[in-house]
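Inspection log for the structure reproduced underneath, given as structure tokens.
The values are calculated or read from the model by the stated rules, or taken from the named source; none is laboratory data. Given the structure is predicted, the values throughout are model-derived calculations rather than measurements. Virtual Cβ from ideal backbone geometry, glycine too; neighbours counted across all protein chains shown.
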Amino acid sequence: MLIALIAVAVGATIISGMVTVYREVPQQLGREFRAYGANLLIIPANEAATFDENKIQNVREVLSEHEIIGAAPFLYERLEINKQYILTGGTNFDELQKVSPYWQLEGNYPAAGEREVLIGAQLAKVFSPYEPSEIIGQEVTISAGEGTAMKKYVVSGIVSTGGKEEEFAFMNLDDLQQIVSKPNEISIAQFSVVAEGDSLKTIEEKISSGIAGIHPQLVQQIANSEFNVLSKLQVLVLLVTAIVLLLTLICVTTTMMAVVTERRKEIGLKKALGAANENIVREFLGEGCLLGAFGGLFGSSLGYLFAQSVSLQVFGRGIYFSVPIAILSIVLSIIVTGVASLIPVRIATAVDPAIVLRGE
Amino acid sequence: MALLELKNVSMVYNGKVRALDGINFSVEKGEWVAIMGPSGSGKTTLMNIIGCMDKATGGEVILDGIDLSDIGADKLTEIRREKIGMVFQQFHLVPYLTAVENIMVAQYYHGLPDLNDALTELKRVGLEDRANHLPSQLSGGEQQRVCIARALINYPVLILADEPTGNLDEANQNLVMKIFHELHAEGHTIITVTHSPDVGREAQRCIVLEHGRIKL
Ligand SMILES: Nc1ncnc2c1ncn2[C@@H]1O[C@H](COP(=O)(O)OP(=O)(O)OP(=O)(O)O)[C@@H](O)[C@H]1O
Ligand SMILES: [Mg+2]
């Protein structure tokens, strides 16, 4: 009986643990995936070149149900840096780091309010062909173009991204807006949102129908691969859960059979005393369900701890105790032990009361 | 009309072992009958049939006006529950239940368990102070008295006892026989199976079996 209890408890542990992981992993992994960059882009609608940066706040409101990892605004303009025309991005570097944590930096990001500029790794080679990193700390002259005021900027660092950003320069958004006289204007905003395939689609629809002047675009590649990995993982978890349920079923059946065999005499006696088959069925099923309830209760608490430790170790992030999952695993345990008791109960009802008179 | 009537009853196990062969006898209400005979003569088989635990393969058994030969298993269980009180050689008490709980088990299947009724019945067999003891804490004679109390709890019309003293020493045997005498005096109908001529003599009447037939 104790073994069956343990079996049920272990089963319930794994089930509630797995279901918790199943529910939590998409969220957690979704969060992990955000390390690979933005998954939602906001661009100007109607072929306009720029849009008002305050629209970012409107988008944040539409996304209020979701966790926003970061939202980085960009204004791209061609500037003259050391007499060369360079595509320059103005951005908020705090948000940029959240949206694109994979950017590798030598030196520092430009500090807010300072006249500093960040140079792409390819660009650094153009400026300083032999020793690119020597450019850090040096002054460059920047202007909006022929005949405009020139300002001196200090190179704060060199960035490697593996993409075309390496040919660009970056500076604080305010600075760039001022230099090109485009206050509050941005050409694109990159959002990193914790959301899965389907809800991203809904978000896209809400934004395009709800906010005028901008157009949302999903970064399909990331959204799709995220979705694929997650659905494969979920199938795996379901499979493991099904197998564990089956094993629990077998273990409980075996134990209940042993219990019935052990109590053959007692069953015979009860029948001799006038117990009807319904009485015997009710007793054993009741015992089975009680076993399931206790095992489930015990297991679902253990399962929570299990899922908690998985979550902490793999994702470095805790999870909340879920009452529906606890109830689900208790109910499942009761169903499993109930089903597992069916064959043993049949054996019990088949016991011949006459055995009590024979000297067995 | 007799409380129990057997007409030409026979029992064949597995189509070949003829355990009972043409048994005829009847037991009146209030009678105490002993069934005797050597090992393998069919005593227990007979008790199983009278006690509604098994059905005879031939003949008629009429208990309290009901013909047991043509009713189903569920009905047989019901009659056993309502009319029979059984005492076993091996006592068959549930090991994890106390004396009084063992009596209440029988009440439970019959209807509603009632602690006071169960205690009254224990008192009748002189064990009121052992009510909360487990079978393992009771002597063989005490266990058998609990067993008798359990058999009596639902007011059966017929008490069946298969070798009730078979596992007891003489002192305990006398104690148990004394209880049977009291029950008989109160008007209970009793059938006891026994090997022992001493025990057999206590009954009003003796039926001796041999090779599944009644020896005259
Ligand atoms: N379930 C059974 N299946 C087959 N044969 C049986 C069965 N029960 C009893 N028998 C046979 O029926 C015969 C009578 O057995 P029964 O148990 O009635 O004898 P008994 O008089 O009670 O003997 P004892 O004094 O040893 O208890 C025996 O030959 C026995 O082997
Ligand atoms: Mg016998």
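Here are the numbers for this structure:
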{"quantity": "Selected residue (criterion: nearest to A:Ala189 (Cα to Cα)) from residues of segment A:47-68 that are β-branched (Val, Ile, Thr) and out of contact with any helix residue (DSSP H, G or I) (no Cβ under 7 Å at 6 or more places or on another chain)", "calculated": "A:Ile56"}
{"quantity": "Pair list, Cβ under 6 Å, 6 or more apart: segment A:51-77 residue of a type in the set (Asp, Glu), other residue assigned to a strand (DSSP E or B)", "calculated": "A:Glu53/A:Pro73; A:Glu53/A:Ile186; A:Glu67/A:Val194; A:Glu77/A:Thr88"}
{"quantity": "Unmet criterion (only one of (1) within 14 Å of chain A (Cβ to nearest Cβ); (2) in contact with a Ser or Thr (Cβ under 8 Å, 6 or more places away or on another chain)) for B:Glu60", "calculated": "(1)"}
{"quantity": "Cβ pairs under 9 Å, 6+ apart, first in segment B:30-51 and within 14 Å of chain A (Cβ to nearest Cβ), second among the aromatic types (Phe, Trp, Tyr) and within 7 Å of ligand 1 (Cβ to nearest atom)", "calculated": "B:Thr45/B:Tyr13"}
{"quantity": "Members of segment B:1-15 found to be among the hydrophobic types (A, V, I, L, M, F, W, C) and surrounded by 12 or more Cβ atoms within 10 Å (Cβ to Cβ), listed by number", "calculated": "B:Ala2, B:Leu3, B:Leu4, B:Leu6, B:Val9, B:Met11, B:Val12"}
{"quantity": "Residues (away from ligand 2 (no atom under 16 Å from the Cβ) and in contact (Cβ under 8 Å) with a residue 40 or more places away in the chain) located in segment B:52-74", "calculated": "B:Ala56, B:Thr57, B:Gly58, B:Gly59, B:Glu60, B:Val61, B:Ile62, B:Leu63, B:Asp64, B:Gly65"}
{"quantity": "Elements of type strands (runs of 3 or more DSSP E) in segment A:101-173, at least 1 residues being more than 32 Å from the chain's Cα centre (by Cα)", "calculated": "A:116-120, A:139-143, A:151-160, A:169-172"}
{"quantity": "Pair list, Cβ < 7 Å and 6+ apart or interchain, from segment A:266-279 residues that are in contact (Cβ under 8 Å) with a residue 40 or more places away in the chain to residues that are surrounded by 24 or more Cβ atoms within 10 Å (Cβ to Cβ) and assigned to a helix (DSSP H, G or I)", "calculated": "A:Ile267/A:Ala348; A:Gly268/A:Pro353; A:Gly268/A:Val356; A:Leu269/A:Val356; A:Lys271/A:Pro353; A:Ala272/A:Pro353; A:Ala272/A:Val356"}
{"quantity": "Matching residues in segment A:337-360 - criterion: being near ligand 1 (Cβ under 10 Å from one of its atoms) and facing another protein chain (nearest Cβ under 8 Å)", "calculated": "A:Asp352, A:Ala354, A:Leu357, A:Arg358, A:Gly359"}
{"quantity": "Residue that is farthest from A:Arg34 (Cα to Cα) [pool: residues in segment A:142-200 that are among the polar types (S, T, N, Q) and touching a helix residue (DSSP H, G or I) at 6+ places or on another chain (Cβ under 9 Å)]", "calculated": "A:Thr148"}
{"quantity": "Elements of type helices (runs of 4 or more DSSP H) in segment B:73-156, at least 3 residues being within 14 Å of another protein chain (Cβ to nearest Cβ)", "calculated": "B:73-83, B:99-110, B:140-152"}
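Here is a yes/no grid of residues against (1) modelled with pLDDT of 90 or more; (2) surrounded by 14 or more Cβ atoms within 10 Å (Cβ to Cβ):
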position: A:Leu200; (1), (2): no, yes
position: A:Ile211; (1), (2): no, yes
position: A:Leu218; (1), (2): no, yes
position: A:Ile222; (1), (2): no, yes
position: A:Ser231; (1), (2): no, no
position: A:Val240; (1), (2): no, yes
position: A:Ile250; (1), (2): yes, no
position: A:Val259; (1), (2): no, yes
position: A:Ile280; (1), (2): yes, yes
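Every residue, every condition in (1) out of contact with any Asp or Glu (no Cβ under 9 Å at 6 or more places or on another chain); (2) within 16 Å of ligand 2 (Cβ to nearest atom); (3) closer than 22 Å to B:Arg81 by Cα, yes or no:
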site	(1), (2), (3)
B:Pro156	no, no, yes
B:Ile159	yes, no, yes
B:Glu163	yes, yes, yes
B:Asn174	yes, no, no
B:Thr192	no, yes, yes
B:Cys206	yes, no, no
B:Ile214	yes, no, no
